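The values are calculated or read from the model by the stated rules, or taken from the named source; none is laboratory data. Predicted, not measured: the structure shown is a model, and the values here were computed from it. FYI the Cβ positions are ideal-geometry reconstructions off the backbone, even for glycines, and counts take in every protein chain you see.
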Amino acid sequence: MRNCLIIALLLTAAPAFAADEGAMEYREHTMEAVGGHMQAIVDIIRRKVPHTSHLAMHVNAIDDIAKIVDTLFPAGSEGGDALPAIWKDPADFAEKIQTFQMASAALREAAASGDMAIIGPGLGRMGESCKGCHDNYRAE
């Protein structure tokens, strides 16, 4: 009987751990997607690839992801590359997310113009917004 109770307790605790671990892994996959899209944009702008028609798709994907970033750091999902400072200073972290969201929206607008003279600086601001968060909230 005692063994059954221990097993039951372990089984009920396991889903909570799995959910927290799942949230952390999901966050990491989502943020890796942002990095992949950023690198693809850089490759297009530097003319490493001839896929200028793909630029807007990559920019739009980042902007779409930016809209959900604030949901990717729930309490209990600590770990991975996310530093504890995220949960210790949620107001500052929220400001960093908002900066990222504004930069991604501005880059989307710039990409829609098709003007590389606007897109380049927009990409720079996007990179700065990423760095602004990574400096304090991501383990490198």
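Quick test of your reading of the structure: Ala91 fulfils all but one of (1) surrounded by 13 or more Cβ atoms within 10 Å (Cβ to Cβ); (2) at pLDDT 95 or above; (3) aliphatic (A, V, I, L, M). Name the failing condition by number.
(1)
Here is a list: Ala33, Ala61. Which entry is assigned to a helix (DSSP H, G or I), modelled with pLDDT of 90 or more, touching a helix residue (DSSP H, G or I) at 6+ places or on another chain (Cβ under 9 Å) and farther than 15 Å from Ala111 by Cβ?
Working: Ala61 fails: farther than 15 Å from Ala111 by Cβ.
None of the others qualify; the one that does is Ala33.
Filtering the range 57-82 down to residues that are crowded, with 16+ Cβ neighbours inside 10 Å and aliphatic (A, V, I, L, M), which residue is farthest from His37 (Cα to Cα)?
Ala82
If you check Ala85, Ala110, Ala106, which single one turns out to be within 19 Å of the chain's Cα centre (by Cα) and farther than 19 Å from Phe73 by Cα?
Details: Ala85 fails: farther than 19 Å from Phe73 by Cα; Ala110 fails: within 19 Å of the chain's Cα centre (by Cα).
That would be Ala106, the only listed residue that is within 19 Å of the chain's Cα centre (by Cα) and farther than 19 Å from Phe73 by Cα.
Can you tell me which of Glu128, Glu140, Glu95 is assigned to a loop (DSSP other than H, G, I, E, B), out of contact with any helix residue (DSSP H, G or I) (no Cβ under 6 Å at 6 or more places or on another chain) and not polar (S, T, N, Q)? Before the answer, list the steps.
On the way: Glu128 fails: assigned to a loop (DSSP other than H, G, I, E, B); Glu95 fails: assigned to a loop (DSSP other than H, G, I, E, B).
Criteria check complete, one pass: Glu140.
When Lys48 is evaluated against the numbered criteria (1) surrounded by fewer than 15 Cβ atoms within 10 Å (Cβ to Cβ); (2) part of a helix (DSSP H, G or I), which criterion, by number, is the only one it fails?
(2)
Out of curiosity, is Ala110 crowded, with 17+ Cβ neighbours inside 10 Å, touching a Ser or Thr at 6+ places or on another chain (Cβ under 7 Å), among the hydrophobic types (A, V, I, L, M, F, W, C) and touching a residue at least 12 places away in the same chain (Cβ under 8 Å)? Steps first, answer last, please.
Details: crowded, with 17+ Cβ neighbours inside 10 Å: yes; touching a Ser or Thr at 6+ places or on another chain (Cβ under 7 Å): no; among the hydrophobic types (A, V, I, L, M, F, W, C): yes; touching a residue at least 12 places away in the same chain (Cβ under 8 Å): yes.
Criteria not met by Ala110.
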